[in-house]
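The values are calculated or read from the model by the stated rules, or taken from the named source; none is laboratory data. Note that the structure is a prediction, hence the values are computed from the model and not measured. Don't worry about glycine lacking a Cβ; one is built from the backbone with ideal geometry, like all the others, and counts go over all protein chains shown.
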């Protein structure tokens, strides 16, 4: 007897499609889990820690070779790494090293926070109000290109040799960069986002907070990094030029003291400490912020 069962090709196709979609979904889930998993320390060490350590070792090796082989045989021009390390060790044993660093870092970070509090609303105002942009937008761009050291003499005349002068120089150096970074980020917000926000009632300050700021975050973060760089350089210039016992000795003043004493070991000590602080701030503050922004947008690539 012939079988009465019939095969529905449509049903089979639906089953196959469901299985295929299920497999695809499982594969995407597995990909997401593997992409967001914790990176092994060995891989992090090899890819992120070891390369800069090797670069530093290479620089020190070349530096030592220049001294050892008498390529530069004048210690007043190029001291040996051991001489510089001896200067650092002496400052540490005298209890002065951390004081040098803290004096400058505390001023720099506090001044940067002041610049952040001023530059952020200023940037939003310039980005969102056409008249304000036309009035002060070019001035901000001009101030950003002005060397920060140019503000030290007028700040000293206006405010005297005190911490207020230091903070004024930092503000004048950092605020334009922070504001311009936010303006640049806001200009790159897709108009569709703004229209969608207005449709959902996100207008005025609500639209700025929920639509403009999150979308402008990459440009804003770039402005913050540049603002910190200007803050740090402005502070170093102010400490070098305007020295006073009442201001204490920061890294810029240490650099100037080394020049006055014709001590290249002290000069190199100050330069290396300034460099280390700049790298540490980037690694501890701005690099995690950048990774967070990239991860939140699904753009963080491992490796």
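Observations, loosely collected:
- Flag: residue 155 matches the condition of being touching a residue at least 60 places away in the same chain (Cβ under 8 Å), buried (at least 22 other Cβ atoms within 10 Å of the Cβ) and farther than 15 Å from residue 227 by Cβ.
- Test: residue in segment 134-147 that is farther than 26 Å from residue 274 by Cα and within 19 Å of the chain's Cα centre (by Cα): no
- Total residues in segment 211-232, condition surrounded by fewer than 21 Cβ atoms within 10 Å (Cβ to Cβ) and within 11 Å of the chain's Cα centre (by Cα): 5
- Restricting 251, 283, 289, 275 to those that are buried (at least 16 other Cβ atoms within 10 Å of the Cβ) and in the same structural domain as residue 166 (by TED's automatic domain parsing) reduces the list to 251.
- Among helices (runs of 4 or more DSSP H) entirely within segment 1-98, having at least 1 residues that are modelled with pLDDT of 85 or more singles out 50-68, 81-93.
- Any hit, segment 198-220, residues being modelled with pLDDT of 90 or more and more than 30 Å from residue 87 (Cβ to Cβ): yes
- Count of segment 47-106 residues, restricted to those that are more than 27 Å from the chain's Cα centre (by Cα) and either surrounded by 10 or more Cβ atoms within 10 Å (Cβ to Cβ) or free of Cβ contacts under 8 Å to residues at least 40 places away in the same chain (or both), is 33.
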